[in-house]
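To keep things clear, I will list the structure first and then write my remarks on it.
Quick note: the coordinates plus some simple rules give every number you see, no bench work behind them. Remember, predicted model here, so these are calculated numbers, not experimental data. Methodologically, a virtual Cβ is constructed for each residue, glycine included, from the backbone with ideal geometry; neighbour enumeration extends over all protein chains shown.
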Amino acid sequence: MLPIHIAAGLLALIAGALAMLARKGGGLHRRAGLVFVAAMLGMSASGAVLALLKPEWLSLSAGLLTFYLVATGWLAVLRPVAQSRRLLQALMCLALLTGVLAWTAGAALIGGRNRGMGLGCFIFGGVALLCAMADWRLLRRGAIEGAPRLARHLWRLGFALFVASASFFLGQARLFPPALRSSGLLSLPVFAAALLTLCWLLRLRRRRPLPVRVPAQAKTADLQGAAPGG
């Protein structure tokens with residue numbers, strides 16, 4: 001399972017970078033996005049299983065959260081809420097379970113030698129619980145459209161890419177030459193994933209809605225109705 005995990009992770013990083021840099025909604029973005037989603041689901045699922053067998057609670061929390069984020073981020077642009085309600089409910093339960101598990105592990109680790117891992121568990125658990133709350137509100141509302149729908153898709157997949165980049169370039173830094181580790185260059189892909197996600201979210205927030213086209217016949221009818229004695 002480890003070779004599958006590594007291969008899926010490398011493929012996800014390449015496809016994720018292409019999807020981030022490509023024009024949104026274009027053919028390259030769609031194809032790279034599908035490869036990214038498939039690779040990330042395989043990588044996070046296999047990583048969670050490997051972490052559970054050891055066990056490594058921080059890696060398990062990261063794997064479960066990443067799987068959840070990719071699944072819900074992809075689902076946001078795949079189907080309306082009404083058509084994916086049961087799947088969203090199941091994924092919301094996964095986020096809630098991840099949050100409780102991560103915080104329980106964090107409480108056990110924070111008082112020992114692994115304070116860094118304990119803090120990481122608290123961070124991943126907090127993100128998972130906030131996402132579960134957002135899903136609950138979405139299910140109550142019953143729909144999400146327009147910019148909020150795109151933002152949900154973008155930030156969840158972007159955060160998943162950030163976690164994958166950090167896990168590979170920083171979490172597996174021992175695999176790289178010492179000179180590269182000491183140069184600080186391994187942090188650049190991680191910061192790039194976070195920066196690109198933030199830039200696209202800001203661009204989406206600043207985007208103006210398209211003007212509504214009014215048919216010529218409707219304009220004529222409005223003018224006639226507004227004319228004196230009309």
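Over all orientations, region 81-219 has a Cα convex hull whose mean projected area works out to 13.0 square nanometres. Projected label points at ALA7 and ARG174, each 7 Å from Cα along the beta carbon direction, are separated by 2.5 nanometres. Please list, by residue number, everything in region 31-66 whose backbone N is under 20 Å from a paramagnetic label point 7 Å out along Cα→Cβ of THR104. Those under the cut-off are 48-66. In plain terms, the chain from LEU53 to ALA22 could stretch by 7.4 nm, reckoned as 0.36 nm per residue minus the Cα-Cα distance. With Cα atoms defining each centre, region 158-192 and region 44-75 are spaced 18 Å apart in the structure. Note that region 44-51 has calculated 3J(HN,Hα) couplings of 5, 5, 5, x, 5, 5, 4, 5 Hz, one per residue in order, obtained from phi through the Karplus relation 6.51 cos²θ - 1.76 cosθ + 1.60 (θ = phi - 60°); glycine and proline are x. Taking SER182, SER84, SER165 as the candidate residues, the one with maximal mean-square fluctuation in a Gaussian network model of the chain, Cα springs under 10 Å, is SER182.
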